[in-house]
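These notes are about the structure you will find just below.
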Amino acid sequence: MPAHKVFPWFIHSLAANLSTACPAGCTHCLWKARQERIALHHAVMTQSQMQRLVAFGKSFGIKEVVASGGEPFSRPEALKTLSALCSRNLMGLHAITSAIWADTPQTARTMLEKTGPWSRLAVSIDNFHQESIPLKNCLHVLDASRLLGIPVTIASVEGADDVVRELPDKTRNEVPIVSQPLMGMRLMQWNELDAPCINMSVPYCEEGDAIYGCCGDLCEMRNESPLFFGKTDELPQKGIAEDRITLVKYLRLFGPVSLYRELTGEIPDGTSPFTSQCELCTSIFTLPQASEETTRFLNREQTRVRIALAEAVLFSNTRQEVNTVNIKRS
Ligand code: SF4
Ligand code: SF4
């Protein structure tokens with residue numbers, strides 16, 4: 001089976017778990033239980049692992065590294081190292097932060113200056129985070145980013161974004177807000193789950209050097225995961241197996257419900273037993289024979305044609321979006 005040494009065209013970023021720790025302690029934290037399990041076999045990413053991560057990203061055409069966690073700003077020295085490596089290799093550095101650390105405007109500004117250069121930042125603001133994190137901390141990071149010329153967005157949650165309205169009008173009008181659907185808090189309807197997985201656009205580095213197709217729950221299967229690509233030091237030579245790349249494309253284009261239907265023959269309806277797409281994915285790949293069945297399904301001529309057509313539509317829509325943005329900016 002051929003191996004790929006580039007990612008599909010829709011992948012431009014690579015995320016890395018810098019630290020499983022997060023001092024915010026939100027009661028709703030969907031990551032907490034997972035981070036605690038990961039911490040059992042996780043050591044913080046070292047400088048040499050960061051070097052291998054950036055070398056791997058560069059050889060696969062990655063344009064930007066996303067510092068993830070836990071809370072990435074709980075390791076400012078690591079961020080400083082990573083930002084230097086990224087800029088030396090002409091890659092951007094992006095992070096999503098809760099802003100728990102930014103208790104004054106000066107702290108926010110000093111931290112961003114010390115850890116940059118940043119290509120962009122996102123600050124999580126929603127009703128759940130703001131139960132534990134003062135909104136003023138978020139404002140400090142938003143203001144400091146704009147002062148330093150760093151593109152910044154607000155990352156919020158659909159239906160849990162009332163708190164965003166408490167920000168000053170000027171901030172709300174000037175900072176783009178990107179809202180994601182609410183996941184992990186209630187059982188979802190099957191039709192809500194039936195959507196492409198947009199997280200498949202960002203491969204993920206866990207345990208310092210293991211690369212997965214996404215940051216979702218499938219990483220917990222470690223090297224048994226159908227989305228485990230390999231280690232950062234081997235991938236530039238070995239490449240990524242064709243079947244893994246095809247699975248990435250399928251989940252990005254059609255999502256896990258479509259795969260569930262194919263593998264089980266069921267057409268589920270009504271309320272699902274899952275609170276997120278990731279839980280559904282885990283349930284699919286723990287079915288007996290799931291890997292073999294998935295490989296068989298993805299290798300069918302009909303599936304390959306469907307993937308190629310959907311990919312062409314996504315490519316065309318993406319180009320139209322880019323053109324629209326360019327027209328608006330000019
Ligand atoms: S800021 Fe995010 S990672 Fe940290 S405790 Fe809150 S929800 Fe969890
Ligand atoms: S839904 Fe599946 S493919 Fe998407 S992020 Fe979750 S585990 Fe990964």
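Odds and ends about this structure:
- Gyration tensor verdict on the range 183-232 (Cα atoms; rounded if a/c is under 1.5, prolate if a/b is larger than b/c, oblate otherwise): prolate
- With the convex hull drawn around the C-alpha atoms of the chain, the volume per residue stands at 142 Å³.
- Helix-derived mean residue ellipticity, 222 nm - over the chain, DSSP H n ≥ 4, -39500 (n - 2.57), to 500: -13000 deg cm²/dmol
- Restricting the range 128-222 to GluC sites (Glu not before Pro) that sit in a DSSP loop and have at most 14 other Cβ atoms within 10 Å of their own Cβ leaves E158.
- Cross-link pairs K32/K249; K5/K80; K58/K238; K80/K231 - those with Cα-Cα distance over 19 Å: K32/K249; K5/K80; K80/K231
- Put simply, the C-alpha atoms of the range 113-224 give a gyration tensor, and the ellipsoid matching it has half-axes of 28, 21, 12 Å, longest first.
- Beta bridges by DSSP in the chain, antiparallel share as percent, to the nearest 5: 30 percent
- Inter-part distance where the range 2-71 and the range 261-284 are each reduced to a Cα centre, Å: 26 Å
- 10 Å Cβ shell holding at most 16 others, DSSP loop, trypsin sites (Lys or Arg not before Pro): longest site-free stretch of the chain: 64-185
- Once the Cα-Cα distance is subtracted from the 0.36 nm per residue extended length, the T153 to V178 segment shows a gain of 8.3 nm.
- Rg over Rh, two decimals, the range 247-329 (C-alpha only, Kirkwood Rh): 1.09
- Mean separation of Cα contacts under 8 Å, 6 or more apart, over the residue count of the range 147-294: relative contact order %: 25 percent
- Sequence-ordered 3J(HN,Hα) estimates for the range 23-29 from the Karplus curve with 6.51, -1.76 and 1.60 and θ = phi - 60° stand at x, 5, x, 4, 5, 7, 3 Hz, glycine and proline given as x.
- With coordinates expressed along the principal axes, the C-alpha atoms belonging to the range 1-115 extend over 49, 33, 27 Å, beginning with the largest.
- Ratio Rg/Rh [Cα only; Rh per Kirkwood] for the range 39-102: 0.97
Read the figures in this text as sums done on the coordinates, not as results from a lab. Fair warning: this is a prediction, and the values are worked out from it, not measured in the lab. Cβ coordinates were reconstructed from backbone atoms using ideal geometry, including for glycine residues, and neighbour counts include every protein chain displayed.
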